[in-house]
Amino acid sequence: MSSAFEHTLAAIDALHAQDPRPTTLADGTSHPQELIYAQRMSRWLERLQEAPSELLRIAVRAQHLQRWQLPRSDYPEGRIGYLTWRRDQSAQAGDTTAAIMEEAGYSQEEAKRVASMIRKQGLGRDSDVQALEDCACLVFLENYFADFSRKVEHEHMVRIVQKTWGKMSPQAHALALTLPMNDACATLVKEALDSH
């Protein structure tokens, strides 16, 4: 690992740690929401790839960088509002990460490459962007799906599972099917995949 990589990761995690929104883990401890999300992303990457590049590891760690600064509630309801928010959020995360990387000693090209991964440019064609998307989908299914599915109308939730599944690689599909799920979530996934 290069010192530029270590400096970049430390700077990213320092920003994650500023997230004012807490997450309480199963052991009862409370941590900044974004820091926990980033750690979960990195853990999934380790399961998906034996030797991920430094640039991919940075992109995966920084995917939600300072997301709390652009609340979803500041954007209109509905799909267009959601997509605009997501685009703005990934542009901000990409630009901030690129600036951190250049400050740590990475080249402008390397910084641009990571920013384009965070923006998910080339999804479906770029294996690094696919790996980042796989991590995001697996983190969602493992940690946020059960709560989310209780708040969203059933038919809409089926479509969300189908869309999530459609973005994932075959390797991520296999891993997703090994995740422990409560009966309601398992039934929802089965229904989504059977009708896909």
* Asked: Listed residues D134, D183; which is acidic (D, E), on the phi < 0 side of the Ramachandran plot and out of contact with any helix residue (DSSP H, G or I) (no Cβ under 8 Å at 6 or more places or on another chain)?
  -> D183
* Which listed residue, of Q39, Q63, is under 22 Å from A111 (Cα atoms) and without any contact (Cβ under 8 Å) to a residue 40 or more places away in the chain -> Q39
* To do: Pick out, from the stretch 18-104, the helices (runs of 4 or more DSSP H) lying fully within it that include 3 or more residues that are modelled with pLDDT of 95 or more and farther than 29 Å from A174 by Cβ.
  => 78-104
* Asked: Is there any pair linking a residue in the stretch 93-104 that is open to solvent by 10 Å² or more (accessible area, probe 1.4 Å) to one that is of a type in the set (S, T, N, Q), with Cβ under 7 Å and at least six apart or on different chains, and which?
  -> T96/Q66; I100/T8; E102/Q108; A104/T8
* To do: Answer with yes or no whether G122 is more than 30 Å from S3 (Cβ to Cβ), of a type in the set (G, A, S) and without any contact (Cβ under 8 Å) to a residue 40 or more places away in the chain.
  => no
* To do: Just name the residue that is farthest from I160 (Cα to Cα) out of those in the stretch 73-100 that are of a type outside the set (A, V, I, L, M) and under 14 Å from the mean Cα position of the chain (by Cα).
  => G94
* Filtered residues of the stretch 126-149 (kept if part of a helix (DSSP H, G or I), without any contact (Cβ under 8 Å) to a residue 24 or more places away in the chain and not small (G, A, S)) -> V129, Y144, D147, F148
* To do: Kindly list, by first and then second residue, each pair from a residue in the stretch 167-196 that is within 16 Å of V139 (Cβ to Cβ) to a residue that is open to solvent by 70 Å² or more (accessible area, probe 1.4 Å), limited to pairs with Cβ atoms under 6 Å and residues at least 6 apart or on different chains.
  => L179/E142
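Matching residues to (1) in contact with an Asp or Glu (Cβ under 9 Å, 6 or more places away or on another chain); (2) over 27 Å from S127 (Cβ atoms); (3) of a type outside the set (A, V, I, L, M, F, W, C); (4) open to solvent by less than 70 Å² (accessible area, probe 1.4 Å):
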{"position": "T8", "(1), (2), (3), (4)": "yes, no, yes, yes"}
{"position": "Q39", "(1), (2), (3), (4)": "yes, no, yes, yes"}
{"position": "E46", "(1), (2), (3), (4)": "no, no, yes, no"}
{"position": "Q49", "(1), (2), (3), (4)": "no, no, yes, yes"}
{"position": "G78", "(1), (2), (3), (4)": "no, yes, yes, yes"}
* Structure fact -> Exception for S149 within (1) more than 17 Å from the chain's Cα centre (by Cα); (2) modelled with pLDDT of 90 or more; (3) small (G, A, S) falls at (2)
* Criterion (of a type outside the set (F, W, Y), loosely packed, with under 14 Cβ neighbours inside 10 Å and under 30 Å from E54 (Cβ atoms)) met by exactly one of P180, P170 -> P170
* To do: Could you run through the stretch 105-125 and say how many residues are among the basic types (K, R), assigned to a helix (DSSP H, G or I) and either open to solvent by less than 30 Å² (accessible area, probe 1.4 Å) or closer than 16 Å to V60 by Cβ (or both)?
  => 1
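The values are calculated or read from the model by the stated rules, or taken from the named source; none is laboratory data. Just so we're clear, the structure is a prediction, and the values are computed from it rather than from any experiment. We place every Cβ from the backbone using ideal geometry, glycine too, and count neighbours over all the protein chains shown. Please note that ligands, DNA and RNA were not included when accessible areas were found on the heavy atoms of the full protein model with its side chains. Shrake-Rupley method; radii C 1.70, N 1.55, O 1.52, S 1.80 Å.
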